[in-house]
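Q: Please find one structure pasted underneath; my questions will follow.
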Amino acid sequence: MSALEIPLFVPTSAGRVFGIVSLPDDGSPLIGPGVVLLPGGRAGAGVLPLFQSIARRLAEHGQPAFRFDYPGSGLSAGETAVPRSQLRALVQELCDWFVGETGVEELAVAGRCGGARLALAMPRVDARVRVCVGAVPFFDLGGWSLRSKLAELDAKGPRLARRLIQAPRADRPQEGSRDRKALEAELVEDLRTAAAAATTALIFGEHDVLRTRFHDLISAHGLQDVEQQIEIVVLPEARLHGLPNVDHERSLGAEIEARLRSPAVQRG
Amino acid sequence: MTDPNTSSRVATALHRFADVDEDDLTRSTTVLPIGGGTLAYELVPRDATRVGLILCPSFFELKTLQASEIRFGHALAKSGFYAMYLQPPGTGESFGEPENVRVSSRVSAAIAAAEHALEANRCERIVFFGCRLGGAVAVAAAQRFEGSAFAAWDPVVEGATYLKQARRLDRIAAMAGRRKRYETLEDQLQERGWATLLGNVVTKGIYDDLVGWTLGEGDAVSAASLVLCLDDSSLAEAAGRLAPIAPTLTQHSLGRRHLGHLGFTPDDAAASTPLTVDWLKGSHEA
């Protein structure tokens with residue numbers, strides 16, 4: 001069996017979203033849970049090859065998989081990104097569509113970087129999510145922003161950073177900076193729900209500062225019981241911003257895929 | 001957990017989402033039988049002219065130029081030109097291994113995409129478009145596709161020159177990102193057999209292919225073609241190579257200060273778009 005890929009446009013409240021549904025190509029019955037893959041940052045899904053191979057391999061074993069470009073990126077509609085506060089609702093809308101079209105009853109979600117943070121939030125907003133995988137998750141607790149980084153770089157070489165990043169900034173909606181306490185409280189609730197309602201795994205790089213941040217959060221909030229329910233995987237070379245690196249991407253992909261694979265396939 | 005839905009039934013139903021009609025044009029996406037399967041994004045105007053463009057994507061600037069290339073496709077379609085943006089095998093969402101991507105495979109994919117556009121009656125004549133090394137792909141495809149033309153933005157016609165410029169940009173990005181250790185491409189290839197450049201995988205095969213690739217001077221492109229560069233000196237250099245290939249070559253400079261190591265920016269693309277659309281209307285629509 002190999003994978004059949006169907007590129008398409010999903011109508012959403014944020015306009016058309018370009019996505020690809022991967023299916024087995026032999027007409028066989030679909031096996032749940034259906035897989036939803038959430039890319040990091042606002043890049044189009046096609047920029048990083050990690051999720052393509054995961055989706056194709058899972059489809060080869062009968063599980064449907066869905067990946068997409070966020071609005072304002074790749075082939076999706078829009079010139080500007082959807083505000084972060086609206087992303088959860090948008091992903092739920094896309095999950096509804098995917099479930100409606102494929103008929104799967106349960107979902108497994110996986111994300112990388114900012115997508116991993118989003119994946120962790122999904123069990124709270126969608127009771128169908130049974131598996132949740134966060135690869136090199138980016139826990140934004142304030143105190144860091146691309147804008148402040150740019151300002152810092154601009155001070156070193158006028159306009160250099162702006163030209164390097166080459167993203168139109170003026171038309172991008174800037175959300176009000178949320179305070180650290182609110183972001184932290186939200187993350188704690190998301191972690192509690194993900195740990196209780198889904199089989200949850202987090203994959204960190206060995207020297208990842210966010211791994212330290214995660215452990216600090218666990219200690220500060222007395223979440224040791226939650227930590228015990230979450231599988232923590234540590235890879236020596238996993239990176240937050242995934243500059244594709246053949247070996248690292250493959251090992252990261254294998255770890256994500258193993259956790260998304262249906263128990264029915266693993267048994268079979 | 002097993003669901004009674006079969007993949008064939010679901011696949012058939014999903015095809016209704018392949019096309020969207022919006023703003024007097026149809027956006028269509030499909031996997032073309034090129035290589036193991038090549039993703040194509042088509043923009044079909046309601047009242048299309050006879051000319052269609054095949055957009056050949058940039059190489060290592062995928063993250064920075066993809067949005068501009070797609071925006072250019074939308075501008076073309078809104079002006080009545082059919083446009084197809086494709087992701088050659090091994091790139092983007094297409095099938096194929098990134099390690100196996102070659103300049104020649106990109107040229108072949110562009111030609112196969114043009115054949116598909118003509119067979120599907122999307123248009124009657126083809127203009128290949130590309131920026132940077134994608135511009136060289138557009139020229140090479142036009143050389144092999146009879147009756148076609150090219151439109152190239154800031155083209156780089158030597159693989160080695162392109163590689164040098166991309167490495168310079170990567171080095172600057174490393175400095176700006178305070179990367180503690182910067183290994184040269186050759187050192188990375190020597191140590192591991194692969195390297196990363198601007199977020200892309202470069203294998204020894206890709207490296208050798210680029211270093212050895214240069215635009216051939218063989219077949220002439222008889223249809224009216226365009227070269228557009230950021231400044232006069234890069235225009236003179238590019239036109240020196242392209243004029244013998246395309247005798248009917250329109251040359252245009254944006255008159256900007258060219259920082260070759262920083263590539264072609266979205267601002268540059270925004271300035272180039274109306275000039276290119278006007279050139280198409282004047283040279284090909286009539």
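The values are calculated or read from the model by the stated rules, or taken from the named source; none is laboratory data. Bear in mind that the values here come from a model prediction, so they are computed numbers and not experimental data. With ideal geometry, Cβ positions are generated from the backbone for all residues, glycine too; neighbour counts draw on all protein chains shown.
Q: Only one of these conditions is not met by B:K180: (1) modelled with pLDDT of 85 or more; (2) surrounded by fewer than 19 Cβ atoms within 10 Å (Cβ to Cβ). Which number is it?
A: So B:K180 meets the others, but not (1).
Q: Let me ask something additional. Exactly one of these conditions fails for A:P71: (1) in a helix (DSSP H, G or I); (2) in contact with a Gly (Cβ under 7 Å, 6 or more places away or on another chain). Give me its number.
A: (1)
The rows are residues; the columns are (1) without any contact (Cβ under 8 Å) to a residue 40 or more places away in the chain; (2) surrounded by 16 or more Cβ atoms within 10 Å (Cβ to Cβ); (3) of a type outside the set (V, I, T).
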| residue | (1), (2), (3) |
| --- | --- |
| B:E186 | yes, no, yes |
| B:L197 | no, yes, yes |
| B:N200 | no, yes, yes |
| B:T203 | no, yes, no |
| B:L210 | no, yes, yes |
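Q: Another question about this same structure. Which of the following residues is within 9 Å of chain A (Cβ to nearest Cβ) and of a type in the set (D, E): B:E93, B:E115, B:E119?
A: So the residue among B:E93, B:E115, B:E119 that is within 9 Å of chain A (Cβ to nearest Cβ) and of a type in the set (D, E) is B:E93.
Q: Of the residues that sit in the stretch B:16-49 and are within 11 Å of chain A (Cβ to nearest Cβ) and among the hydrophobic types (A, V, I, L, M, F, W, C), which one is nearest to B:A75 (Cα to Cα)?
A: Filtering first and then ranking leaves B:L43.
Q: Would you call B:L62 within 11 Å of chain A (Cβ to nearest Cβ), closer than 24 Å to A:F66 by Cβ and touching a helix residue (DSSP H, G or I) at 6+ places or on another chain (Cβ under 6 Å)?
A: No, not satisfied.
Q: Would you confirm, using the coordinates I've provided, whether A:L58 is touching a strand residue (DSSP E or B) at 6+ places or on another chain (Cβ under 8 Å) and not acidic (D, E)?
A: Yes.
Q: If you don't mind, another one. Could you please give the count of residues in the stretch B:227-270 that are part of a helix (DSSP H, G or I) and within 14 Å of chain A (Cβ to nearest Cβ)?
A: Residues of the stretch B:227-270 part of a helix (DSSP H, G or I): B:232-242, B:260-262, B:266-270.
Imposing the further condition that a residue be within 14 Å of chain A (Cβ to nearest Cβ) reduces the set to B:260-262, B:266-270.
Adding up the residues that qualify gives 8.
Q: Report whether or not B:A152 is of a type in the set (A, V, I, L, M), in contact (Cβ under 8 Å) with a residue 60 or more places away in the chain, under 28 Å from B:T248 (Cα atoms) and not in a helix (DSSP H, G or I). Walk me through it before giving the result.
A: On the way: of a type in the set (A, V, I, L, M): yes; in contact (Cβ under 8 Å) with a residue 60 or more places away in the chain: yes; under 28 Å from B:T248 (Cα atoms): yes; not in a helix (DSSP H, G or I): yes.
Yes: the conditions hold for B:A152.
Residues checked against (1) surrounded by fewer than 20 Cβ atoms within 10 Å (Cβ to Cβ); (2) in a strand (DSSP E or B); (3) modelled with pLDDT of 90 or more:
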| position | (1), (2), (3) |
| --- | --- |
| A:E5 | no, yes, yes |
| A:F9 | no, yes, yes |
| A:V17 | no, yes, yes |
| A:L30 | no, yes, yes |
| A:L37 | no, yes, yes |
| A:G62 | no, no, yes |
| A:G78 | yes, no, no |
| A:D96 | yes, no, yes |
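Q: Inside the stretch B:66-85, can you point out the residues that are aromatic (F, W, Y) and within 10 Å of another protein chain (Cβ to nearest Cβ)?
A: B:Y85, the sole residue that qualifies.
Q: Select from the stretch B:93-114 the residues that are within 25 Å of B:T276 (Cβ to Cβ) and touching a Leu at 6+ places or on another chain (Cβ under 6 Å) and list them in ascending order. Working first, answer last.
A: So the first thing to find is which residues in the stretch B:93-114 are within 25 Å of B:T276 (Cβ to Cβ), and the list is B:103, B:106-114.
Matches in the stretch B:93-114: B:A113 only.
Q: Is the stretch A:39-46 home to any residue that is at positive phi, among the small types (G, A, S), within 16 Å of the chain's Cα centre (by Cα) and part of a loop (DSSP other than H, G, I, E, B)?
A: yes
Q: Separate question: Just to confirm my filter: which strands (runs of 3 or more DSSP E) fall fully inside the stretch B:1-96 and include at least 1 residues that are buried (at least 24 other Cβ atoms within 10 Å of the Cβ) and touching a Pro at 6+ places or on another chain (Cβ under 7 Å)?
A: Here the list reads B:38-45, B:82-87.
Q: What is the one condition in (1) closer than 20 Å to B:G96 by Cα; (2) in a strand (DSSP E or B) that A:L58 does not satisfy?
A: With respect to (1) closer than 20 Å to B:G96 by Cα; (2) in a strand (DSSP E or B), A:L58 is out only on (2).
Q: Looking only at the stretch B:15-27, decide whether some residue is among the hydrophobic types (A, V, I, L, M, F, W, C), out of contact with any strand residue (DSSP E or B) (no Cβ under 9 Å at 6 or more places or on another chain), without any contact (Cβ under 8 Å) to a residue 40 or more places away in the chain and at negative phi.
A: No, because not a single residue in the stretch B:15-27 is among the hydrophobic types (A, V, I, L, M, F, W, C), out of contact with any strand residue (DSSP E or B) (no Cβ under 9 Å at 6 or more places or on another chain), without any contact (Cβ under 8 Å) to a residue 40 or more places away in the chain and at negative phi.
Q: Of the conditions (1) over 22 Å from B:F95 (Cβ atoms); (2) touching a residue at least 60 places away in the same chain (Cβ under 8 Å); (3) facing another protein chain (nearest Cβ under 10 Å), A:G72 clears all except one; give me its number.
A: Just one mismatch for A:G72, condition (2).
Q: For the stretch B:99-122, how many residues meet the condition of being over 20 Å from B:S148 (Cα atoms) and surrounded by 19 or more Cβ atoms within 10 Å (Cβ to Cβ)?
A: First, pick out the residues of the stretch B:99-122 that are over 20 Å from B:S148 (Cα atoms): B:99-102.
Pick out the ones that are also surrounded by 19 or more Cβ atoms within 10 Å (Cβ to Cβ) and you get B:101.
So the count comes out to 1.
Q: Find the residue count for the stretch A:80-94, including only residues that are at pLDDT 95 or above and within 14 Å of chain B (Cβ to nearest Cβ).
A: 1
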